[in-house]
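Contents: one structure, followed by commentary.
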Amino acid sequence: MTDEFSVESVYAELLGRAPENKMEPRLAPLRRAMDILGEPQKAYPIIHITGTNGKTSTARMIEAGLRAHGLSTGRYTSPHLSKVTERISIDGAPVSDATFVRIWDEIRPYLQIVDGELEAEGQPRLTYFECLTILGFAIFADQPVNVAVIEVGLGGITDATNVGDGQVAVVTPISLDHTDLLGDTTADIAYEKAGIIKPGGFLISAAQPVDAAQVLLEKAKETHVPFRFEGVEFGVESRTVAVGGQMVDIKGIAGRYEGLLVPLHGAHQAQNAAVAVAALEAFFGGEKALDADILQEAFASVSSPGRLEVVRTAPTIIVDAAHNPEGIRVSAEAIHEAFSFTKLVVVVGVLREKDAEEILRQLKESLGDLAGEYCFTQSNSPRAVPAEDLAELALDLGFGEDNIHVAEKLDDALEWAVERAEANEELAGGVLVTGSITLVAEARILLGKADA
């Protein structure tokens, strides 16, 4: 049996469990599993990241900074774009198929013990996300890594990853998403996310809505951890558009760093870079400035697949997993700033648990006249909103009937969008593929970007 087949068979086994969008708000089974496995989550320090947007990009920047300092790293992020092993990275690359399968085979009997105990109590057995999280912690302990960068799946307090205690708790910008599970206000959502702030830690937070900042501040004081907020103690001092990204000056919590080249587009990525710098400073003690050359080396290597990623030129095709209204807004700002399109053809697909109406409204408002035509489509996910339903919603929101096209299959949608982008030679046309991460993942594969 080949490794590749083995990874596929493990993935199929994981998918047989309760799916990702059915995460259980519980930690006891995770603690039980960790006890049985010998507490792998305590084998290394953890930088724990929560927030609504920017978690994965920030995680990648922090990881790059740690590696530039000569540390071996584990990075746990979600969801994946093309292969499940992307979620568990060792030193910046997806864990090897062989290691993924070997550690799963080693821990499976112990997970079955926990499953049996849960079922005896009438509770659902370990979910897909819970099992992957346990697997991630176990793989990092097996390596062993010097430090793990762990991204929360959903919320914080009862998220499976919260079985680990972060030496640094990082909170990226909070906005409304998953309101059915996390609450209707940014304060409610911040309360869930503040669950990763633990005694002995250090809070680094992006600039937040006032109510959310207050919740985080109170939790930091309650747990007696030092805290630093973007816009108060650290932040982006200035930035200018540069070839392939931007030049950024950052004031950290311990030093100033001028002329850093960040090879990602948009004000939000500069903000993520500032948060990453502060998190690195906090991890190394919070008192001493980082070496500017090491930091530049780190940022030069950063990529963020599926986030304003140019996957093809002539015409330029950008894929962007902006799956909530705030994500759409900051991405649209970055497109206006970094690209010289005179016309954009937008391919959109959304998952059912997302606020499709607000996402479309934000697209219409943020892209404005730049977006000449929209093609509504759907990914292969069973959770995808049918393309026809999205088109009807767009009509209700005042999108012009002549500007709307429907293609149920993504390959047809891409073909149509490229034709439309090239239709007028006098205009600089581009294509944006956005909405759900499942749509972006499929688009990357169709356009020849199989690795992430």
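The values are calculated or read from the model by the stated rules, or taken from the named source; none is laboratory data. Here the structure is a predicted model, which means the values were calculated and not measured. With ideal geometry, Cβ positions are generated from the backbone for all residues, glycine too; neighbour counts draw on all protein chains shown. The protein model used for the area step is the full one, side chains on, heavy atoms only, and it has no ligands, DNA or RNA in it. Shrake-Rupley method; radii C 1.70, N 1.55, O 1.52, S 1.80 Å.
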For segment 226-365 the mean separation of alpha carbon contacts under 8 Å (6+ apart) over residue count, i.e. relative contact order in percent, is 19
Answer in debye to the nearest 20: the dipole magnitude of segment 109-152 about its Cα centre, from +1 Lys/Arg and -1 Asp/Glu charges placed on Cβ, is 140
Using alpha-carbon coordinates alone, the radius of gyration and Dmax of the chain in Å work out to 21.6, 68
Taking 0.36 nm per residue of separation between D389 and A12 and subtracting their Cα-Cα distance, the length gained on full extension comes to 132.7 nm
Charge dipole of the chain built from unit charges on the beta carbon (Lys, Arg +1; Asp, Glu -1), centred at mean Cα; most positive-end Cα among P19, S78, A322 is S78
In nm², the average projected area of the convex hull spanned by the Cα atoms of segment 283-342 is 6.5
The base-10 log of I(q)/I(0) that the Debye equation returns for segment 188-242 at q = 0.26 Å⁻¹, one scatterer per C-alpha, is -1.02
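As a test of the definition: which semi-axes, in Å, follow for segment 219-304 when you take the square root of five times each eigenvalue of its alpha carbon gyration tensor? Largest first, please. If you can, show how the numbers build up before the last one.
Working: eigenvalues 112, 37, 24 Å².
Output for segment 219-304: semi-axes of 24, 14, 11 Å.
Hey, what's segment 129-277 come to in accessible area per residue, 1.4 Å probe, Å²? Spell out each step's value before the answer.
Details: 5150 Å² over 149 residues.
Value returned for segment 129-277: 35 Å² of accessible area per residue.
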Given unit charges at Cβ for Lys, Arg (+) and Asp, Glu (-), the dipole magnitude of the chain about its Cα centre in debye, nearest 20, is 1260
In segment 262-400, taking the dipole from +1 charges on Lys and Arg beta carbons and -1 charges on Asp and Glu beta carbons about the Cα centre, the listed residue (L363, A270, S301) farthest towards the positive end is S301
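Suppose R0 equals 51 Å; then what is the FRET efficiency for E401 and Q296 from their Cβ-Cβ distance, rounded to the nearest 0.05? Don't jump to the answer; show the numbers that get you there.
On the way: r = 50 Å, r/R0 = 0.98.
Between E401 and Q296 the formula returns 0.50.
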In terms of the alpha carbon gyration tensor, root eigenvalues a ≥ b ≥ c, rounded if a/c is under 1.5 and otherwise prolate when a/b exceeds b/c or oblate, segment 53-202 is oblate
Working note, segment 322-452: Cα radius of gyration (Å, one decimal) and Dmax (Å, whole number) are 13.5, 40
Partner aspartates and glutamates whose C-alpha sits under 15 Å from that of K364, ignoring same-chain residues fewer than 8 away, are E326, E333, D355, E373, E392, D396, E401, D402
Per-residue ellipticity at 222 nm attributable to helices in the chain (runs of n ≥ 4 DSSP H, -39500 (n - 2.57) apiece, nearest 500 deg cm²/dmol) works out to -13000 deg cm²/dmol
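Which of the pairs K55/K343; K198/K221; K83/K198; K55/K219; K221/K251 have their Cα atoms more than 22 Å apart in this structure?
Where the Cα-Cα span goes over 22 Å, the pairs concerned are K55/K343; K83/K198; K221/K251.
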Cα extents of segment 369-417 per principal axis, largest first, Å, are 30, 23, 15
Among V385, A212, M34, the residue whose Cα sits farthest towards the positive end of the charge dipole of the chain, when +1 is placed on the Cβ of each Lys and Arg and -1 on the Cβ of each Asp and Glu, is M34
Taking a ≥ b ≥ c as the square roots of the eigenvalues of the Cα gyration tensor, with a/c under 1.5 meaning rounded and otherwise prolate when a/b exceeds b/c and oblate if not, segment 263-368 is prolate
Computed from every Cα-Cα pair in segment 117-273, P(r) in 10 Å bins starting at 0 and rounded to whole percents is 10, 30, 33, 22, 3, 1
Heads up, segment 123-175 by the C-alpha gyration tensor (a ≥ b ≥ c square roots of eigenvalues; a/c under 1.5 rounded, else a/b over b/c prolate, else oblate) looks oblate
Label model pair L427, S96: point-to-point distance (7 angstrom along the Cα→beta-carbon line) in nm is 5.1
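Scan the chain and note any complete DSSP helix (H) whose C-alpha atoms cover at least 15 Å along its axis and whose Kyte-Doolittle average is -1.0 or more.
The qualifying helices are 3-15, 55-68, 97-120, 128-142, 210-222, 267-283, 325-338, 356-367, 410-422.
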